Amino acid sequence: MEQLVVEICAGTSCYLLGSQDLIDALETLPPDKRSKIDLRGITCLKACGHGPNVRIKGVVLSNMTPDRLLQAIEDNL
Amino acid sequence: MAQVTEVVKLQRKVLAEVSRLALHDKLADHVEDILTTVVTEDGPRYRCCIHKERAVLKDRINVALSQPIGTDITEAAANALNGEVADGSIVRVLPEACDRCPIDKFMVTDACRNCLAHHCIASCPKKAIMVAGNRAYIDKMTCVECGMCKKSCPYGAIIEISRPCERACDLKAITAAADRRAAIDYDKCAQCGACKIACPFGAISDRTYIVQVIQAIKAKKRVYAIVAPAIVSQFGVKVKLGQVKTALIQFGFHALHEVAFGADIVTLEETKEFAATVPTDRAYMTTSCCPAYVEMVDKHLPQCGEYVSSTVSPMVATARMIKAEDKDAVVVFIGPCIAKKVEGQKNPDCIDYVLTFEELAAMFVGAGINLTEITDTLYETDASRHGHSFASAGGVMKSVIDTAGVLAPDITIKPHRAEGLGNCKQALQQIAKGDLDANFFEGMACVGGCVGGPGTLNDVRITTKMLETHVNATKTVMAPENQKAVDVIEKGGHWHKE
Ligand code: SF4
Ligand code: SF4
Ligand code: FES
């Protein structure tokens, strides 16, 4: 099964603006959903200041919130 | 740690912008820019209008610069750049932001019988109660939240709902002032910062020394960063202390020292003090490392003051050691704690400034430093497991018990501990009255210990786990085995409060 790659920026700017909350949100997913996701940390997505940033299927999504991230994953799965 | 809500993000953006401008010598002329860069015309808004949003922002900027609220921000920037710090308390209510919390403190419930006596109406000094729709009605605009009506109603039909900040304060130091804004009673407040984390509007904040520290660095002073042991995983679980050290040096700090080393000194001194004074001079002893806890004892249980250990805190021990070696050192404590800012003010001989992990991260962002892109250089700790364990609740207690096993095996320690100021207060009262059989009491204001402090960036559960791993990986097991700490003590120095 091919997993959906979700890259969460863990760079200091994004981290300060809440990337840890995004990671925590993913970890709360039920196991069957969580197993479909390949979570990768990344050091910078070159959009600092608009963080936290996430890249899914090549698209950088800025100003992410846990809710919006879960929605974006839902839409892409 | 606060959950990173939109308001928390905004607060952090202000700190990062203030740092960026100060680092680029632009703060004096461009501080007004923050009003438009952080709050944009089309950005998210938490207030009725952009003007209100910016008014709140001015309060935030004043607090970030450690200047009195209400100062013109250009003037505030100039003062901060001169190294000035206004007098007064660290934890402040931002009057513009505390928008008379929409929670109605007193509410008439269905239990209201619309009785004939109308005790409520008679009791209200402001005539804020009338009868509408067959029950009492409180006019929110006139109500001053004195609570007389609640007391007067024989049916208990009027209930009190507290605001988030009031609920968070174990010491009942927050009440609504006459204008219904939150007000802190500083005779009761221990400056623990719990209310700051609780307010969903970000209306309570603590003063920062960001600009003053940047100016000291720019003036080419030797600025030492002393970091609290709770630093483990604060900048992300993968970021190591070696990376933080490199980042601090890149930022312009002179050196990094671990407060865990000072905690080893404290463990040794506190154990000796216990052995020498309990039970001969006093029935019990309680810890002195958490400044909010010590402040609580001071303000709420002054009769217990003499039972607080005279040993200085790990922060002060570490700083004194540095100042003894380098008298021109500028010492900056960096930790999870807001109350340490107050403790710093009380120890001007050795502490120049105090920053939180949150503030340091904002400063790194302002400087364009990304910790995850720095190569890790192995950092060798000079502290023992004991010293590192101070960050977590129960750590001090265990360290002293272990150390007593080595230094004073004959004494009997009956330990007890508590987390959270309310719990600490209650337990200490019980020990003082003899209702609780303990002779050594550890008090920590924050739940979980310092890893749960208000200036942290990571979840207390994650940090607790990471700290445990880190402690177990530390080579030196006990404080008495830390030869360097033993030597420093022997050289002499002031490890006790006068
Ligand atoms: S004691 Fe703590 S929660 Fe209460 S007002 Fe002071 S800082 Fe806020
Ligand atoms: S428990 Fe730690 S972080 Fe919390 S107030 Fe005490 S010293 Fe500060
Ligand atoms: S730190 Fe996340 S985009 Fe640069």
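Pairing residues of region B:414-432 that are touching a residue at least 12 places away in the same chain (Cβ under 8 Å) and in a helix (DSSP H, G or I) with residues that are within 14 Å of ligand 2 (Cβ to nearest atom) and among the hydroxyl-bearing types (Ser, Thr, Tyr), at Cβ distances under 6 Å and at least 6 apart in sequence or on separate chains, gives B:Cys424/B:Tyr293. The combined condition, being surrounded by 24 or more Cβ atoms within 10 Å (Cβ to Cβ), under 24 Å from B:Glu490 (Cβ atoms) and of a type outside the set (Gly, Ala, Ser), is not fulfilled by B:Met296.
Within region B:276-288, count every residue that is crowded, with 19+ Cβ neighbours inside 10 Å and farther than 16 Å from B:Gly305 by Cα. Selection size over region B:276-288: 0. Can you find a residue that is out of contact with any Asp or Glu (no Cβ under 9 Å at 6 or more places or on another chain) and at pLDDT below 90 anywhere in region B:124-131? Checked against the condition, which is being out of contact with any Asp or Glu (no Cβ under 9 Å at 6 or more places or on another chain) and at pLDDT below 90, region B:124-131 yields at least one hit.
Each row is one residue, and each column tells you yes or no for (1) within 16 Å of ligand 3 (Cβ to nearest atom); (2) at positive phi; (3) free of Cβ contacts under 8 Å to residues at least 24 places away in the same chain.
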position	(1), (2), (3)
A:Glu2	no, no, yes
A:Cys9	yes, no, no
A:Gly18	yes, yes, no
A:Leu29	no, no, no
A:Arg34	no, no, yes
A:Gly41	yes, no, no
A:Ile73	no, no, no
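If we scan region B:382-394, do we find a residue that is without any contact (Cβ under 8 Å) to a residue 60 or more places away in the chain and either open to solvent by less than 50 Å² (accessible area, probe 1.4 Å) or within 15 Å of ligand 2 (Cβ to nearest atom) (or both)? Yes, region B:382-394 contains a residue that is without any contact (Cβ under 8 Å) to a residue 60 or more places away in the chain and either open to solvent by less than 50 Å² (accessible area, probe 1.4 Å) or within 15 Å of ligand 2 (Cβ to nearest atom) (or both). Only one entry in B:Ile197, B:Ile159, B:Ile226 is within 16 Å of ligand 2 (Cβ to nearest atom), away from chain A (no Cβ under 14 Å), out of contact with any Lys or Arg (no Cβ under 6 Å at 6 or more places or on another chain) and open to solvent by 20 Å² or more (accessible area, probe 1.4 Å), namely B:Ile197.
Being closer than 25 Å to B:Arg320 by Cβ, within 16 Å of ligand 2 (Cβ to nearest atom) and in contact with a Pro (Cβ under 6 Å, 6 or more places away or on another chain), is that true of even one residue in region B:418-441? No; the residues of region B:418-441 include none that is closer than 25 Å to B:Arg320 by Cβ, within 16 Å of ligand 2 (Cβ to nearest atom) and in contact with a Pro (Cβ under 6 Å, 6 or more places away or on another chain).
Quick check on B:Ala183: is it in contact (Cβ under 8 Å) with a residue 60 or more places away in the chain, more than 16 Å from ligand 3 (Cβ to nearest atom) and crowded, with 19+ Cβ neighbours inside 10 Å? So B:Ala183 does not fit the description; no.
Table: residues versus (1) within 13 Å of another protein chain (Cβ to nearest Cβ); (2) over 15 Å from B:Thr5 (Cα atoms); (3) surrounded by fewer than 19 Cβ atoms within 10 Å (Cβ to Cβ).
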| site | (1), (2), (3) |
| --- | --- |
| A:Cys9 | yes, yes, no |
| A:Leu29 | no, yes, yes |
| A:Asp32 | no, yes, yes |
| A:Ser35 | no, yes, yes |
| A:Gly51 | yes, no, no |
| A:Ala72 | no, yes, yes |
| A:Asp75 | no, yes, yes |
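In this structure, B:Gln215 does not satisfy being among the polar types (S, T, N, Q), within 14 Å of the chain's Cα centre (by Cα) and outside the structural domain of B:Ala28 (by the TED database).
Here B:Ala408 meets the list (1) farther than 26 Å from B:Ile489 by Cβ; (2) more than 14 Å from every other protein chain (Cβ to nearest Cβ) almost entirely, failing just condition (1).
The values are calculated or read from the model by the stated rules, or taken from the named source; none is laboratory data. What you are looking at is a predicted structure, and each value in this text was computed from that prediction instead of being measured. Note: ideal-geometry Cβ built from the backbone for every residue, glycine included; neighbour counts use all protein chains shown. These area figures cover heavy atoms from the full protein model, side chains too; ligands, DNA and RNA do not enter into them. Shrake-Rupley method; radii C 1.70, N 1.55, O 1.52, S 1.80 Å.
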